[in-house]
Structure formats: C-alpha cells, structure tokens
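Q: Before anything else, here's the structure in question.
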Amino acid sequence: MSESAVSLKTPAELARVPLVTNKRSFAWISDNVSTICEERSRLWWWALFIPLSIIAMIGLFCIGYQISNGVGVWGENHPNGWAWDITNFVFWIGIGHAGTLISAILFLTRQKWRTSINRAAEAMTLFAVVCAGIFPGIHVGRVWMAWFLAPIPNANGIWPNFRSPLLWDVFAVSTYFTVSVLFWYTGLVPDLATLRDRAKSRVARYIYGIFALGWRGSNRHWRHYEMAYLLLAGLSTPLVLSVHSVVSFDFATSILPGWHTTIFPPYFVAGAIFGGFAMVLTILLPARLIYPQLDDLITRQHVDKMAKIILLTGSIVGYAYMMELFIAWYSGNQYEKFTFFSARLGLHNSGWYSWAYFCMMTCNVLSPQVFWSKKMRGNYIVVFIICQFVNAGMWFERFVIIVTSLAQDFLPSSWGHYTPSWVEIWTFIGTFGIFLSLFLLFMKFLPMVAMSEVKIVLPEADPHFHPESPDSHAKEGAH
Amino acid sequence: MKRILHHPEAPKTGKQYWRSLGQARNTPEFQGWLEREFPQGAAEFKGGEVSRRNFLQLMGASMALAGLSFAGCRRPEKHLIPFTRGVEWSIPGKALFFTTSMPTRRGYMPLVAETHDGRPTKIEGNPLHPASKGATDAWAQTSILDLYDPDRSRFFKLKGETKTAQNFEKALDELIAGAGDGAGLAFLLESNPSPTRERLRGEIEKKFPKAMWAVYEPLGSDASNEAAKAAFGEGMEVVPQLEKADVILSLDADFLGVAATVAEQRAFATRRKADGENKMNRLYVVENRFTVTGGMADHRLRIPVSQIGLVAQELAAEIFSQTKDDGLGRVVGSPLKATAKARQEWVKITAEDLVANKGKSLVLAGSRLPAGVQALVFAINAALGNLGKTLIGRKSVSKPAASIAEVARGLSDKSLTSIIIVGGNPAYNAAVDLDFAAKLKTAANVVRVGAYEDETSDVATWQVPLAHYLESWGDGFCMDGSHVSVQPMILPLYAGWSELDVLAKFAGLKKPEGPELVQETFRQLVKPNDFVAVWAKFLHDGFVMGEAPKAEALAISSDAVGKLASQIPPPNLDVDSYEVVLVGDFKVDDGRYANNGWLQELPDPITKLTWDNAALISPATARKLGVEDGARVELSVENRTLDLPVLIAPGHAENSVSISLGYGRTKAGRVGTVGQTSEGFVTDREMISGGFNGYSLRTSQSPYYLTGAKIKVTGKTYRLAVTQEHGTLEGRGPDLTREATLDEFKAEPAFAKTMGMDGHNPPNASLYSHPPLNDIHQWGMTVDLNTCIGCSACMVACQSENNIPIVGKRQVIEGREMHWIRTDRYFAMMDEHDEEPEMVSQPMMCQQCENAPCETVCPVNATVHSEDGLNVMAYNRCIGTRYCANNCPFKVRRFNFFDYNQRKIAKLRDWNLTSEKGTEDTIKMSKNPNVTVRMRGVMEKCTFCVQRVQEAKIAAKVAIRDGGEARIPADAFTSACAQVCPTGAIVFGDKANKDSRLSKLLEDERGYRLLEYLNLNQRVWYLARIRNPNPKMPGAEKSGKAIKGSPNGHHHHPPAGEKTEAANSVPHGGPANVRIRSLS
C-alpha cells in the first residue's frame, strides 16, 4: 500500500502550484481576512474614501442638474442621440461581467483558483451594474415617466413595446443584477457568520448576525448552501452570456451602418469579459499592495491566469474588429464601407472620430499582446498598466460604435459633430467615484475574500489530505 | 347703454344658411332678438339676490362699457365683435378663414388667414387668386409671428417718454394745422402699391401742395425704374412672363430667391416640369454667388458682379452680330475690349440659344444692377423680339416720388422741418453718405410710425406704434396688377395706427374706424352697381374676380437706352482688390424681419447659416487669404470698414465678397439686436447673434456693389451657426439626389429606378408579414426635385402650423434645431479642385416608412403606425430615449433637449427649479390650438399634419351623416408644406384615391425612394431632377455628372442582357466628392 502510495505521488515538477501559498491554515485565513473589516480604518482608507465620495457627489449633482434642466445640458444633439450616456452604460455593464463569470462559470467548470478573487469580483460586478444602471435611467428625456418601461397594467391600456431592444435591456440588466445580488449574498452567508462570531461590539454582532441568517455551519446548512450556490451558479451562467448579448442587440437590431452587425453578441460578450477582468485586476492589484496578507491568497498564479484571459478575449475582440472590416468591404454596401473605412479608419479624409478608433485598436488589440510573455504577466506594474489600457480601450470601443456611426450616417446633410459637455464628463467621472466608494465600503464592512470557499480549496480540506512531510504522514496515520 | 351688434353678413358665395325662418325672412322680431344678446330675463337678477360673483361680473361689464378699463378702450364700435359674445359663423374649436393680403415692395400678396377664436394663427395663400394659388413665401408665413411679437412698439412716445394716443392725436392735429401749404413737410414712406394710399396722397397734395412725398426702399428697384423710364417712358413697369420663356438668361436676377414673388416662382416651375405638356425651359445664370436661381441653372457663369455689365455688353454685341437688330445696333456702340476667351464662348453660345428662341427667350437683369445694364438688357430683349411676349409692360400704380437723398438734402438746407416716417428704418438703412440719422435729429418734428422702437425711433420726436397688416384695413395691387383687399383679423394689439390712419389725418379726414377709406377707393376704382354685394365679395374672395389687368404696349427708345448704356461703369479687373456685393437677405430682407425668430433660425437656402450674416467668399479666395469659416476679416472700402466673419461659399466668384444686408441691428428687439438675446446682453460668445451691418459700407452712388475693397485678416474668430455641417454628397448622389439631363430622360424615362444601389440590389423580401394598413385613406407625398428651388418656405410653414419652437443660436451650433422639415442642400463637384459645383436642394421630412425603423425600437410604444399609413407620435407616452432618432436613416426626428417653449433661450442652462418659466402671452396666441405644444424630453417629428388629416376625416364623417363611406374627397386638404410650396414641388395626398394628384404623380417614371435597400417602404417619393443643358456649351457633358457619381457618367439602365453584370458590380464612390466644409 505504501508502495502504491509512493508510485501515485505526483512528481515535484508536475505538482500543482498551491492555490494558497505559504501553507496557510484555516485560522490564518479567518484572522487575516476578517481583520480587514475589524481593524480601525487605516488612514489610506479615509484618504481614498473622502475624495472619491466627493467625486461621487459631484456626479450625483450633475445627474440632478441634468434631470432638472433636460438632456440639453449634455452635448448630445441631432444626429448624435446617444453618446457618452450609452457609452458609459455599456462600459460599466461590460465591467460587470467578470464577477459573475468568475463566480458562476468558473465554479461550474471547477476552476478552484476562482475562490480567492470571486468575492471582490462579484462585488465589483454589482457596483459596476449600479453605475451602469444610472445611465439608461437618466439618459431619457422624462425620467419621471421611466416607469412606462415596466409592464404594469395601467389605465392607459398601453404595454411596453416588447419588440424594442431597449426593453429587453431593462429586463436583462435588472434580472442580471437581481441574480448577481442573490448569488453574492448566498456566498457571503458563511463568512458573515464568521464575522458575527468574531465580532467584539454588540452592534456589529447584531447586524452581521441578522445577515448571517442564523448560520451555524451544520451539515444541513452546508448541504442547502451548496445546492443553492450550485443552482444560482447555473442560473447566472446563461445570464453572463445573455446580458451583454442583449445589450449588443440595442445596436445589432438597428439599421444604422456600424450598428447593424450580426457579430455583435459574441463580440460584446468577449469584450465584456476582457474589460471585466481588466477592472478586477485594476482593483485587486492595489488591494494586494495595501493588504500584504492577501499575497498568499491572491497569488501570482491568479494574476497570470487573468492576464491570459485578457489576452484571449482581447484577441477575440481583435478578430471581431477585423471581421467587421472584412464584412463591410465584402458587403459592397457603400454606407457600411463608409462607416468602417472612412468614418472609423479615416480613409478619404472623412473620419471625424478616427482618432478614437485608433485609440480603441491600440488599447484593445495591441496592448494585451504583451501578455504572450510570461515575464510580463508576472510583472504587476506591467499588468496594471495594460489593464488601464484595456479599460480605456473598452470605453473607446463603445464610443466608436455609438458616435462614429451616428455622427456620419446615411444622409451627409444630417451629419453632425458631437462634443461632450462638462456635465457629461463629470457624470462619468462621478460614476467612478460611486463605484470606488462603494468598493471601499465593501472592503471596510464585508470580507473581500470568500473565506469559507478558500478554506475548501486548501489541501487540509481534502478528506484524503496527505501532508508531504513525514510528520504529517505520521499525523495522518494516527488519524 | 344698449349696444347694437351688427349681424355679420352671410358669405355671398356658396350656400346660404340661416338658423331660423325669422332670419331667413329677416323679421323685426328676429332683429330685436339679435339685438338682445340674451334671451328674455337671462341678464336680470333672480329674486333680487346679488351674489358676489355676478355682482363682480356686472361691475366689470359696466366698467368696460363706461370705457374705464383698458379693455373698454379697445371695445370696438363697428363690425369687430368681442369674442365674449357668440358670433355667428364662429364655432368654438373650428377655424375661420378670411382673405387678406400682405404688402410687399413688389406688390401685395393675396392671402387667407386662419383664425381661431378671433386670433389669426396661420397664413395661407389665397387659392382663388392667380398670383398665389394657395402658395406663399417664407415672409408671409412668418408675418404671423411678427404680429404677436412682444417686442413690437407698444406705446406712443414723445422723445422716449410714454404718452397717450390722445396726446399724439392732439400733437398731430397741431402739426397739421401749422403745416400751411406743406412747405417744410415731407412724408418718407415705404413702397406700397395701394390705391387708397395713392388717393390719400392726392388729397394731401391738394391740401399741402408743397409737401414732399418720398419713398425709400433699401432693396428697391430705383435702377430698373430709371432704366424702364428711359427705355419705355414715364410710369411704365416691365413684368417678365416666365411661363412663356423657353430660354432664360439671368444677369444676377435672383428671380426665384430674394427678389421672387410666388407667381414668378410658379411660372418658372410650370416650365421646368418634365411632364411633356410644356417644353422644358433652359436657364442660364450669371452671378457672383450661388443664389436660389443659380442653383436651378442649367449653365452658370461665376463672375464678380462688377463684371456683369461687361457680360451684358458682350452679350449685346454678340446678339447684335447675330440678329443685326437696328435698335440694338444703336445701343451697342463702341467695340469691346477682348476679355477672357472661355467667357466669350459662354456668352456666344448663350446668345445663339437666345437668338434661336426669339420671342420665347428672356433676359433678366438684377434690379439693382446699374441702370445702364438694365437698359441694355431691355434693348437685348427688344432685339430678341421678347417685348410684349415674355416681357410685358404695365402702367405703374404709384406716381413717382422723391428719393431719400432729396429728403436728406432738404434736412441739410433746413427746407424740411417736419418729417413723417411711416414704416421703414432709414436711420439704420440709409446710405452712409447721407448721414441720415444725424440729419433727422436736426429736424423740428419727426413723427415716426413704426412697428418697432428701432434705430429711427431713437432720432424721432414721436414714435407711434404701426398697426400690422393683420390689424388694419387696406387695399393694394399685386404684381400682376390685380386689386386685392386687406382686412383686419384682430384689433391692433398695441393700439397701433396704420399708414392709412396717419395719411387720412393729413388728408383732413377723421382717423378711420373701419373700412370706410378703402370702401371709398373701391367705389371710385371698381364703380360697382351693387356696392354692398360687390364689396362683400371683394372681402370674401380677397379680390374682384375676372378683372384681369391689361398689358401695355412697350416701345423702346433706343437712343435713351444707348445713352444710359454708355454710362455702364467699367469692370473691376484688379486681382489684388475685392468687390463687395451687398445683397438682400433671404431671411431678414432689408432688416425689417430681424426680430423674427422663425426667420433668424431659418437656414439660408444656400449657406445654411442662421442667426447671422457673414462675408461669403469663394474657396479659392479663402485659400488665398488663409482663412477658414468664422475667421474675422476687416473689409475696407474707401474710408469705411466692416469687421465680420467669413463663410466659405462654394460656387462663389473669386475676388468678390457677398454680404447680406439687414443684420447688425443695434436696436431691433430681443431677437434681432446684435449681442442681445431674449434677456438682455449676454457674455456667452456663442449666444451673440445678429450679424454685421452691411449698410455701413453702402453709399447712395453704389448701393449694390463696391469695388476696390481691401481685406485684412484680423486673426479673431466668430462662431457661426450653420445647420448643415457637411455639404457634399460623398458619392451618394445616385442614391440620394438622382438626376439626369433632358436627353437622358427622354431616352430612358425610368432612369431613376435603376440608379445607385437600386441598380444592383435584389428586390427586398421580408421575413415576416406586416400588419395590414387597411384604412380607406393611405397618405403619401411626392417631392419633385425638378421644381424644388430650395426656397425653404415649407420649413417656416411647418413651423407655424406645428408650433415648432426656435432654439437660439447656441442650440443651433450644438445641432439641436427643431425643424420638422429641412431643406438639404448639396454641392456636387467633380473633384476637390472643382470650382464650379452644381447645387441641389432636397426637402427632407419624415418619410412615414411603412416598416418604420423608429417604431420597433421605441420601448414604450410612443411611436406607432396608424392604419392610414402615418408614423404617429404620442407625445404623452414618449419618455425620450432618442432610440427612434438614432435608428432613423433620414435623421428627421427632433428631440426637445430643453423646455424650449417654457424657458428663455439664453437661460436654458440655468437651474430649472429656480428659473423663470413661461412664454409671452402674445406668443401663446400665435400657436395652432390643434397641435400640442411639446414639453422637454419628448421626441417630435413631421406628422404629415395629422391635425389636418383628422379635421378632414371629421368633416367627411359629418358630411355622410348616418351612413356611407366617410371618404375624404381627393385633394380636399393638404399638408402645410405642400400648401405653401410656391412651385408645387411638394404634393401630399391619398394614394389610395385614384383621383388624387398624388396617385397620378406616383405613376411618374422619375419617382424613387431613398435607401430602398433598407426595405422601409416609405410614403415619400422623390421625383428625380432633370437638367436641360445646352449640348453646345463646353462642359455640358459634365452636367449632373458629379451627382450621378461616376466619372464615366454611368448609371445603370439595365437592359435584359446587362443585368448580370449590373448585379455583380459594386457601386464605386465615383468622383472624389471631398469634404469641402465642416464646422467643428
């Protein structure tokens, strides 16, 4: 038996890199993650939170001003009926893809490395969807009538128009947000119980206790929990793919050259994952810096894997860009050709916004190619910088799709430039304030690493765990 | 005090209705009943009880009757009945239509005014009158806004101090009493061919034989009058007959644009139609800038205005050499210096064409070219045998009058002490060398009756509000010589006096209270047997039908013409200096409409500029100066300078600068004053509008063009609000604006069907079935690009009909103008160095697609399809996602970015919750009550005037009573744009009715729809344009080619064999239709 055990033993060079480095124990994980919520807020937290919440307030002021005065305070016009508003909406909703993808799809595909990043990524998803949800809400001319979008039986006897992709958006985004919240909260329950049990103040114990739903870690609890988590993961998985597909229908089902494209659904989903992972890294890399203990949970391996996903999805997006150009040429349709070759590529001296197209191309297609190099994937500074390129590139992608198509469409007489106003710019900056303030609050009050799940992937959690050292063998033998 | 209300007369034409047998027999009981406004006892207190409410009512009424309140002053004494009492023929909610006519300097325009509850809301042309046939121009349309302009002169003011009307009348009586024989008295009036005015002038001249009677029109036709006087004798006017001309040469005569009358526009268009009924005319135009007329030209010679005299001389010589006409021979005189060879050939070939069409040709000279050129053109027409055929004579209605220069002279030498100025604005628009404003200040009495408190009011002793034509009685002559009535639609809003009121006082009459002055003239002029009936018909029809004016024989005096022609100023051929051309503005005219927001925001038909004027220069001149749009330059002529921005105008002549007059007003009102917006002076440079005063360069010697100007680039810039950023077609001509030459059209009448992508795309197929459109009416529209001259009257008519707000200059810069219909103007050029672009105008409104892309994307079902084929908007349902506008391929949907109807234009960005809201009451009065005034945040667009559709449907339903099919008779009504269109280019109608004009036009082989490949199934068809170039003319083969978009002149006529090739070939971009202008 011992021989066979020896023969089954994995050679060192093939051994999986441990998901949690430095052989951390269960207790170490509980201590080091919970302490982020339990310790007094550090100075840097306030130094970030105060300015960011002020920026968020400026954003909210701009929203109030815009709602009060009308969409005219933005730079939109005829023909540019949409511009930064929907660009920002699609940008944020795209970012909101990584979290649920990590939680649900990687869960179903048994990718255990997800456990240490899924909580933060899911939180980021929710906050991104919150930011995204602002824009379709406020971009309408009469916000106070936006309830017309809801299928409420009313005295007018008018239903929403179920043929409109905008209505599909409303359903898709609200469903996605609801399911994401449930999924995130379900995952939080065991950790909330941990915090409750560790809490020193009565108030904290009471509040965490409420939200922990009486979790005691019994076998029944775990069985129900895992089934619920699995079901929600199953429910979320198609949503990850559907939300951005539906968002892409806003464009794909229209007849505008540059929007009317069948490639959009997969291309948008790939782009969303691409942008979402970049944002996850954008947040987690500084978090690792601030909380060095997270180094053992969010390891180089995680960064490396996410960089690879960015490389893959970035290349898919690049392929989609090329395919759009090819189809525009292949169609022989002069309007399609104009949009792609003149308005975007800037051939024939007619591309008003071709600079934006080249920004997009550089950021999204060229910059991730750096990740072919393992060395670069291991260099956090490079990874962080590339992620910023990707974030910007994905914003530009939506801007290019929306504005270049609208500004120069069928009739040259109706072409018109678009320039953002200060209100639009500050509303967008404000959403970063909202997003990051919410994330800081999340870090402050909730465990940013899913403790219970990380513990599950520790070697010790395996019932057949064989410690490598003779000592542990002895212990196991004794066991 | 019992007031007797005169029962209004029943209309004299049409059916007679009565409401009781008593009325039918007109019994005394019925008369008595009429006089009692309420049935017996209704007005008395019941049981002696006086409630607070009816006490106040009674008190208010008696105050009013006693003349104590403001309303009491206005209480009418005669036929105008206050609306608080029921008026026969008036049904609340139903519009009443009355004929009237609008004075213009070229004659009256016969109109019908639509009134709702006693307030006029919309102007239409008089469909009975041949000079209108239901059409009007932009100015008539906008006059409704002038009427309600809150900035109009409201008070009688003595040196700026508000007085009462009685004060003024007393002062006027004193002035008249002290005027003696009229020495020292001068009247300075606007040109106004009114017989009553002429009659009063006769009375005044009897009473004050020494008074001076002067007429000043800054854009008048003094030069052509002088030429006509020399050529044909005193008191003779010359009227072109465009419908009779096969070949027309215009020497800077913008007879379709600024100087147009509706009748002329239509006369031209009838001969422009390629319907086979008439031979299509051919138009040659010589001009320095693109005008509306130049845009319609088959051949256009681009040349500075100062050289047009030379062209006329060359043409005269050429025609003389071809015709050997004696009269012309005496005029032509000395041989000409050799000039540019290309132009000589142009002139020669044009002359050949004119000579070949003797008696059916017409040469027109712009009315402000030097008298010598005009006289020479008369001689050319005489040589071509056109007199009495395409050019007829008419006795002038008005006797000759003194000029403003004589008034200025009188003021200088103190021979004039009292000046009566009615209308006009000489302090602003008199030539600078007259220094008129300063001279007016020296006069003892300047009585100014004017619609606005303006530059002239500042130097007047008395400023008196002038009644609008919709507020006053009058009469006038149309350009065709017919006699029309002017009747008031409303009491003067600001108690203004009409011109006739003032003149009546001087004639020793009472200020008229009704039409008595006009009636007296009518008696003398028409000498009716049954005055009451004929007068009533005059008012009802707007004119006396069947009284066609007579043409006078024209006999040309060649010697006088030769004498004048010898004074044609030599051309300016100096390449280092510029000529400055001062042209009438398409919108504000000579400045009189500067305070009209509709006109200020109406894009110029050529430049698409709003809210300002600019110095138009050619692209080559711009390159030479190194300037772009909006760069400010300093123009200097002699010692006068003007600092203004340039606007690059394709098709403009080199070394020539065109500036439209009428801008740069220092006192015009909240809309028109420079640097002022609705709330006073603003610092936001994008709000500053009002343009630059071209009059500051103008002298009485050279009122139209000045030579030897210098240009200095100042380095400063100015924001110009241009509604169309992009002027070229980007090679999309074969798809969007299809055209062919007449020969091509004859060879292949259905050429338009296979142009552009339509020549290549397979037939559309739909994956799913569409809901049936099964109403008995199916609305549609055709737009004939062949007769559309781009005048943009449709835009203003739509604005007036549909309560479309103006948005102000900054919003136009930001691309938020609200027009439901726009006139797209494209310049087509062969390549980027092509300095001779062709112009094409294309009205663009909602295309009412049956498969409307806007409808599917609206998430709240706010835009849906009606069963009669309209794409309708439910404003109350709209939440303003703007998705519909994005998905509209024609970009015709308009979004209310701000609350334009509630907020002041300069304060749109002020915090909404604390800012002042609301509109002036008078502006509210101007709104069409049948159309919703939209709030912010909702989308709006052309509805094919759905309110008119519904009104017609209701009428049809009422007509059938209980049974039968409520079908609206063919062409029983039309949309506002189609109704106003002077050339009939826009036709609206029921395509399901085989008798409608629309159904017939839909059979026209030139019909096509835009972007057919999108399978939208629009309800608007465009009829392709036909050009009629002279094949002998060099460059004729180029005609239309840039628009057709192929260097090989290829557009596919796919005969059966060619089909495969056509289907496989991909339309190429064609010539490099490069971007020539983009304002960013």
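Q: Hey, rough spin-label estimate for residue B:399 and residue B:577, points 7 angstrom out along Cα→Cβ, what's it come to in nanometres?
A: Going by the 7 Å Cα→Cβ label model, 4.3 nm.
Q: A further question on this structure: Once you order the gyration tensor axes a ≥ b ≥ c over the Cα atoms, which shape class does segment B:695-743 get: rounded for a/c under 1.5, otherwise prolate or oblate by comparing a/b with b/c?
A: Verdict is oblate for segment B:695-743.
Q: Let me ask something else. Does anyone have the angle between helix A:300-331 and the longest principal axis of chain A? Alpha-carbon axes, 0 to 90°, nearest 10?
A: Approximately 20 degrees, to the nearest ten.
Q: Moving to a separate point now. Looking at segment B:699-743, which trypsin sites (Lys or Arg not before Pro) are DSSP coil and have at most 11 other C-beta atoms within 10 Å of their C-beta?
A: Within segment B:699-743, no trypsin sites (Lys or Arg not before Pro) qualify (loop, at most 11 other Cβ atoms within 10 Å).
Q: Counting only Cα, what are the radius of gyration and maximum Cα-Cα distance Dmax of segment A:231-277, in Å?
A: Looking at segment A:231-277, its Cα Rg and Dmax stand at 11.9, 41 Å.
Q: I've got another one for you. Can you give me the long-range amide H partners of residue B:391? Hydrogens built in the peptide plane at 1.01 Å from N, cutoff under 5 Å, separation of 5 or more residues or another chain.
A: Amide H to amide H, under 5 Å and 5 or more residues apart or across chains, residue B:391 pairs with B:241.
Q: Principal axes first, then extents: for the Cα atoms of segment A:89-199, list largest minus smallest coordinate on each axis, whole Å, largest first.
A: Reported extents, whole Å, longest axis first: 54, 30, 22.
Q: Out of the DSSP beta bridges found with both residues in chain B, what percent are antiparallel (nearest 5)?
A: 60 percent
Q: Between residue A:465 and residue B:717, what is the FRET efficiency for a Förster distance of 51 Å, r being their Cβ-Cβ separation, to the nearest 0.05?
A: With R0 = 51 Å, the Cβ-Cβ based efficiency is 0.10.
Q: Over the Cα atoms of segment B:502-622, each weighted equally, I'd like the Debye log10 I(q)/I(0) at q = 0.09, 0.13, 0.21 Å⁻¹, rounded to two decimals.
A: -0.69, -1.00, -1.10
Q: Per-residue mean of other chain beta-carbon atoms within 10 angstrom of the beta-carbon, peptide A:77-88? Intermediate results must be reported in sequence, preceding the final value.
A: Details: counts 9, 17, 7, 5, 13, 5, 0, 0, 1, 4, 0, 0.
Mean partner-chain Cβ count within 10 Å for A:77-88: 5.
Q: For segment B:290-420, just run the numbers: alpha carbon Rg, then divide by 2.2 N^0.38 Å, N being how many residues it has.
A: 1.34
Q: Of the listed peptides B:203-215, B:454-466, B:1012-1024, what is their order by residue-averaged count of other C-beta atoms within 10 Å, with the highest listed first?
A: Top of the packing list down: B:454-466, B:1012-1024, B:203-215.
Q: May I pose another question? Along the Cα-to-C-beta direction of residue B:954, a point sits 7 Å from the Cα; which residues of segment B:88-126 have their amide N less than 15 Å from that point?
A: Label zone hits: B:90-97, B:115-117.
Q: Tell me, what are the semi-axes, in whole angstrom and largest first, of the equivalent ellipsoid of segment B:409-527 as set by the roots of 5 times the Cα gyration tensor eigenvalues?
A: 29, 16, 15
Q: Sticking with this one: Which whole-number percent of Cα pairs in chain A have a distance greater than 36 Å?
A: 35 percent
Q: How big is Rg to Rh over segment A:406-469, alpha-carbon atoms, Rh as the Kirkwood inverse-mean-distance radius?
A: Details: Rg = 25.7 Å, Rh = 17.4 Å.
Over the Cα atoms of segment A:406-469, Rg/Rh equals 1.48.
Q: To check you understand DSSP bridge types, tell me what percent of the beta bridges within the protein assembly as shown (both residues inside) are antiparallel, rounded to 5.
A: The antiparallel fraction comes to roughly 60 percent.
Q: A further question follows. With viscosity set to 1.567 mPa s and temperature to 4 °C, compute the Stokes-Einstein D of the protein assembly as shown, Rh being the Kirkwood radius across alpha carbon pairs; µm²/s, no decimals.
A: In µm²/s, the coefficient is 35.
Q: How far is helix A:165-198 tilted, in degrees, relative to the longest principal axis of the Cα atoms in chain A, given as a value from 0 to 90 rounded to the nearest 10?
A: In chain A, helix A:165-198 runs at an angle near 20 degrees to the longest axis.
Q: Further question on the same structure: Sum -39500 (n - 2.57) across every DSSP H segment of at least 4 residues in chain A, then divide by the residue count to get the 222 nm mean residue ellipticity, nearest 500.
A: Helices in chain A give a 222 nm mean residue ellipticity of -21000 deg cm²/dmol.
Q: Still on this structure, I have one more. Restricting the count to DSSP beta bridges whose residues both fall in segment B:577-688, what percent are antiparallel, rounded to a multiple of 5? All intermediate terms of the calculation are to be shown ahead of the outcome.
A: Numbers: 11 of 20 bridges.
So the antiparallel bridges in segment B:577-688 amount to around 55 percent.
Q: Counting other Cβ atoms within 10 Å, keep those with at most 11, restrict to DSSP loop, and tell me which GluC sites (Glu not before Pro) in segment B:826-855 are left.
A: Here no GluC sites (Glu not before Pro) fit, given the DSSP loop and packing criteria.
Q: While we're here: Using the scaling law 2.2 N^0.38 Å as the reference, what is the normalised Cα Rg of chain B?
A: 0.95
Q: Taking 60 Å as R0, compute the FRET efficiency from the Cβ-Cβ separation of residue B:750 and residue B:91 and round it to 0.05.
A: On the way: r = 49 Å, r/R0 = 0.81.
About 0.80, to the nearest 0.05.
Q: Moving on. Report ³J(HN,Hα) in whole Hz for each residue of segment B:615-625, in order, from the Karplus equation J = 6.51 cos²θ - 1.76 cosθ + 1.60 where θ = phi - 60°; Gly and Pro get x.
A: Here the 3J(HN,Hα) series is 8, 7, 9, 6, x, 5, 4, 5, 5, 4, 7 Hz.
Q: For residue A:47 and residue B:917, what does the FRET efficiency come to when R0 = 56 Å and r is the distance between their Cβ atoms, rounded to the nearest 0.05?
A: Working: r = 44 Å, r/R0 = 0.79.
My answer for the efficiency is 0.80.
Q: Between segment B:224-251 and segment B:392-409, how many Å separate their Cα centres?
A: Using only Cα atoms, the two centres lie 17 Å from each other.
Q: On a 0 to 90 degree scale, rounded to 10, what angle separates helix A:26-38 from the longest Cα axis of chain A?
A: Relative to chain A, helix A:26-38 is tipped by roughly 50 degrees.
Readers should treat all values here as calculations from the given coordinates under stated rules, not as data from a laboratory. Predicted, not measured: the structure shown is a model, and the values here were computed from it. Glycine gets a Cβ as well: all are built from the backbone with ideal geometry, and neighbour counts include every protein chain shown.
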